[in-house]
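Everything on this sheet refers to the single structure shown next.
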Amino acid sequence: MKKRNLGPELTVSAIGLGCMGMSHAYGGADEADSIKALHRAVEIGISFFDTAEVYGPFANEILVGKALGPYRDKVTIATKFGFRVSTTDSLVKQLTGVDSSPKNVKAVAEASLKRLGIDVIDLYYQHRVDPDVPIEETVGAMADLVREGKVRTLGLSEASAATIRRAQAVHPIAAVQSEYSLWTREPEENVLDTCRELGIGFVPFSPLGRGMLTGKLTLDDLGADDMRRGLPRFQGENFDANAALVAKLGEIAGQKGVTAAQLALAWVLAEGDFIVPIPGARKIRNIEENTKATEIVLSPEELATLGAIITPEAAAGARYTEAMQAMTNR
């Protein structure tokens, strides 16, 4: 597996694994199967694993800690804080707001360390920027955790370029995580350039468009509790229109002898050597397929063609609801 750097301190596999779907949002998965998948990921060279307090909530950190405990010296584990979590409401209502107060920053870190069963969090992200708490206060509390040896490096998620710069002025930021793929490109406006300038790694989540860019997803694959049913791009006529768009990606992939998923990941990887996507596969065959994207070389002409076929403008529907979108790029 090829390696890439996230900031000056972290060297990880060029493709990581987003673990959310094993416990949260997409219907979950059998624990034993998930553990086997995580073990297989390590075996084939993946060393970067992403989780968060809210995934479950809490269950995903426990799963990741249990599965990766035997491989602790081989893996980099990232987790996140920043949402207020209700443990009694339904999935839709569990995230009741944001809280990046210094008190919560430190309380979540302590709880995450216990759930993960580790001594230090390798990469600790603010999950969403809190408009009521200055980023300087939040990052200051995160920096305290670094000095205490409980956190190794710091990250932000879905933050604006201006916030990234303010955070970097308080303590070095290793990585910024935001949604980025052929059909979601907001980071290209200024976040990618900011990360490149400041030497910060960029971690795209949902680089396969929450499964749509694989060309395999159908509405029948989405359970009643699957969060994608509430997202505009996955509803009714929008879903059908987007599936037709992705079919064009599949045609190019077939001509190149690869899968649509591999081609979509190769496009993301080619956008910069500081970029480490974390596709959220749950099945071993998909994890193995995704890692092979690191072997694909795309010419400038191929990159341009792919970038023109699937674009945010061509996609039917917004990536988030208005309320969810309002929590990004702060």
* Asked: Quick one: Cα centre-to-centre distance for the stretch 53-74 and the stretch 105-176, in angstrom?
  -> 18
* Measuring from label point to label point, each 7 Å out along Cα→Cβ, what is the ARG185 to LYS103 span in nm? -> 4.5
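Grab the alpha carbons of the stretch 192-330, take their convex hull, and tell me the volume per residue in Å³.
Normalising the Cα hull of the stretch 192-330 by residue number yields 128 Å³.
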* Asked: When only alpha-carbon atoms count, how far does the stretch 1-144 stretch along each of its three principal axes, as whole angstroms with the largest first?
  -> 43, 38, 22
* Asked: Convex hull over the alpha-carbon atoms of the stretch 262-303: what's its volume per residue in Å³?
  -> 59
* Radius ratio Rg over Rh of the stretch 99-147, counting only Cα atoms, Kirkwood formula for Rh -> 0.96
* Asked: Calculated FRET efficiency, ILE309 and ASP273, Cβ-Cβ r, R0 25 Å, to nearest 0.05?
  -> 0.55
* Asked: Do you know the relative contact order of the chain, to the nearest whole percent, from alpha carbon pairs under 8 angstrom that are 6+ apart?
  -> 21
* Asked: So who's got an amide H within less than 5 Å of the one on TYR125, skipping anything under 5 residues away but keeping other chains? H placed 1.01 Å off N, in plane.
  -> THR79, LYS80, PHE81, GLY155
* Listing HIS171, HIS39, HIS24 from the residue with the fewest other Cβ atoms within 10 Å to the one with the most, what is the order? -> HIS39, HIS171, HIS24
* Structure fact -> If the chain between GLU31 and TYR71 were fully extended at 0.36 nm per residue, the gain over the current Cα-Cα distance would be 12.6 nm
* Counting every Cα pair in the stretch 134-202, what percent are over 16 Å apart? -> 44
* By how many nm would the segment from ALA224 to ARG165 grow when fully extended, if each residue of separation counts as 0.36 nm and the alpha-carbon distance is taken off? -> 17.2 nm
* **Debye-sum result for the stretch 122-238 in log10 I(q)/I(0), which assumes one identical scatterer on each alpha carbon, at q = 0.10, 0.12, 0.15 Å⁻¹** => -0.39, -0.53, -0.74
* **Full-extension gain in nm, LEU298 to GLU148, via 0.36 nm per residue minus C-alpha separation** => 49.6 nm
* Structure fact -> Cα-based Rg and Dmax for the chain, in Å, come out at 18.5, 54
* When the chain is treated as a GNM, springs tying every alpha-carbon pair under 10 Å, which of THR311, THR291, THR138 comes out with the largest mean-square fluctuation? -> THR311
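Taking the number of other C-beta atoms within 10 Å as the exposure measure, put LEU306, LEU249, LEU298 in order starting with the fewest.
Ascending Cβ contact count within 10 Å gives the list LEU298, LEU306, LEU249.
Sorted from fewest to most neighbouring beta carbons within 10 Å, what does the list GLU288, GLU110 look like?
Neighbour counts put them in this order, fewest first: GLU110, GLU288.
Coordinate-derived values only; no laboratory data. Just so we're clear, the structure is a prediction, and the values are computed from it rather than from any experiment. In this analysis, Cβ positions are derived from the backbone assuming ideal geometry, glycine residues included, and neighbour counts consider all displayed protein chains.
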